[in-house]
Amino acid sequence: VMLSEALRKFDAGLLMDVRHEEVRINNIILSPIAKEMFATSNPISGLRSSNESIDDSIQLFNLLAIQSPIICYQGKQRFYAIGGFFTLQKLKHAIAQEVISPDEITKIFVLSNKPSKEIIKSIIQFGLVNDLFLKCFISDTKRVSHLLRSYFKKDDGRRSLFGSSEWLQILPGIKTSKLFAQFLSISEKEL
């Protein structure tokens with residue numbers, strides 16, 4: 001089965017194969033695949049260069065968890081995040097700043113079964129493309145290029161990663177760097 005077919009099948013059954021659950025934030029960690037992908041380039045580190053302090057600002061953590069949910073599969077004693085990384089980071093940051101307790105509860109989506117490694121990677125890639133590029137969190141061409149090369153592999157025999165099977169299952173209509181640059185309204189030179 002081609003991965004894109006497996007991904008479509010996963011998506012079609014997703015709403016019946018997921019439950020909404022309350023868990024302690026400290027019981028949520030990055031999945032090993034996310035950890036491996038982020039070792040090359042952490043998507044959160046490039047979003048903001050200013051000091052982020054949440055001490056004096058209003059924080060609606062429950063609303064955040066609903067608007068940008070954390071998606072996990074369950075291990076023996078932990079929940080492994082494969083989506084909602086920015087929400088998870090915000091909650092962990094709030095714990096570190098002692099704004100909320102380490103025992104604080106949040107609601108997450110938990111997949112009934114752990115997906116295959118390929119599906120997990122595709123879920124992470126889809127989430128990153130959606131959050132970082134489609135929602136325009138990042139528009140600096142050099143940063144976009146770096147993140148793309150960190151998260152997507154160029155297939156052998158292809159001219160660019162925009163022709164790779166990983167990329168085309170996420171954005172099949174954008175097959176060249178020129179089309180991607182036009183889509184984001186950025187310069188193609190450094191892509």
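The values are calculated or read from the model by the stated rules, or taken from the named source; none is laboratory data. Note that the structure is a prediction, hence the values are computed from the model and not measured. The area values use the complete protein model at the heavy-atom level, side chains included, leaving out ligands, DNA and RNA. Shrake-Rupley method; radii C 1.70, N 1.55, O 1.52, S 1.80 Å.
Once the piece of chain linking ALA6 and ARG159 is laid out straight, how much longer is it, given 0.36 nm per residue of separation minus the C-alpha distance between them?
52.5 nm
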Exercise for review: Specify whether the C-alpha gyration tensor of the chain places it in the rounded, prolate or oblate class, a ≥ b ≥ c being the square roots of the eigenvalues: rounded for a/c under 1.5, otherwise prolate if a/b is larger than b/c and oblate if not.
Suggested key: oblate
Check your understanding: Solvent-accessible area per residue for the chain at a 1.4 Å probe radius, Å²?
Key -> 60
Review point. What is the helix-to-structure angle for 117-128, meaning the angle in degrees between its Cα long axis and the longest Cα principal axis of the chain, kept from 0 to 90 and rounded to the nearest 10?
Key: 90
**Study point:** Solvent-accessible surface ranking, highest first, for ASP156, ASP140 at 1.4 angstrom
**Key:** ASP156, ASP140
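Roughly to the nearest percent, how much of the accessible area of the chain is carbon and sulfur, given a 1.4 Å probe? Write down the numbers at each step before the final one.
Numbers: 5810 of 11440 Å².
Exposed carbon and sulfur together represent 51 percent of the surface.
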